[in-house]
Every structure is written in C-alpha cells, then in structure tokens.
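Here's the structure we're looking at; comments come further down.
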C-alpha cells in the first residue's frame, strides 16, 4: 500500500486542467455528487439574490475564481468554498 503525496496529487490535478464535459448524467464520485446536489437544490436560492442585486444575467464561469479552505467548527472541520465570477448581463437577441 502506498501513500499519496498531497502536493504531488494537487500539482497533477491542477496541471490536468479543467474539463467542461460532463462525463456522466449523475456523478458517481461522492464529493462531486454532493457539489451537483448543492447546485440542484440551492441553485434557485443563489440565483434570486444575483438577479435582485445585479439584474437579469449570469455569473461567468470563464472569468472565475474559487478557493477551498478548511474552516474550524466545534462540531468538526468544515469545507469552505468561495466562488467569485464576473457578472454578465443578459442581452436581447
């Protein structure tokens, strides 16, 4: 049994780059499944204040930053995801 070096794994993962292709309809990886679940359940809740504060439009997934950090909590450490994307107003065709 060999251990994975976290730094080496992170570098390989980052070097692999992003994929904009969904490989399966329902993700089988538990972590990715939960992220998809959050999007499906909370998407409309997140969309509402975006439209309320910015108007009819979207958050860019191209001009986009994300950080993942550990947040201490008395009930157990939590994963903190922070995303920031450029607002793009919808325009009439």
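The values are calculated or read from the model by the stated rules, or taken from the named source; none is laboratory data. As the structure is a computational prediction, the values presented were derived from the model and not from experiment. Cβ placement follows ideal geometry from the backbone for every residue including glycine, while neighbour counts extend to all protein chains displayed.
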Checklist entry - Taking the range 67-80 as the region of interest, how many residues are in contact (Cβ under 8 Å) with a residue 12 or more places away in the chain and either touching a helix residue (DSSP H, G or I) at 6+ places or on another chain (Cβ under 7 Å) or surrounded by 10 or more Cβ atoms within 10 Å (Cβ to Cβ) (or both)? => result 1
Item to check | Whichever residue in the range 73-93 is outside any strand (DSSP E or B) and touching a strand residue (DSSP E or B) at 6+ places or on another chain (Cβ under 8 Å) and, among such residues, is nearest to residue 31 (Cα to Cα) | outcome: 77
Checklist entry - Does the range 21-35 contain at least one residue that is part of a strand (DSSP E or B) and modelled with pLDDT of 90 or more? => result no
Next on the checklist: Residue pairs, Cβ under 8 Å, 6 or more apart or interchain, first in the range 81-93 and surrounded by 10 or more Cβ atoms within 10 Å (Cβ to Cβ), second modelled with pLDDT of 90 or more and part of a loop (DSSP other than H, G, I, E, B). List them.
Outcome noted: 90/56
Checklist outcome for this item: Going through (1) surrounded by 10 or more Cβ atoms within 10 Å (Cβ to Cβ); (2) under 19 Å from the mean Cα position of the chain (by Cα); (3) at pLDDT 90 or above one by one, residue 55 fails only at (2)
Checklist entry - Among the candidates 48, 61, which residue alone is at negative phi, in a helix (DSSP H, G or I) and surrounded by 10 or more Cβ atoms within 10 Å (Cβ to Cβ)? => result 48
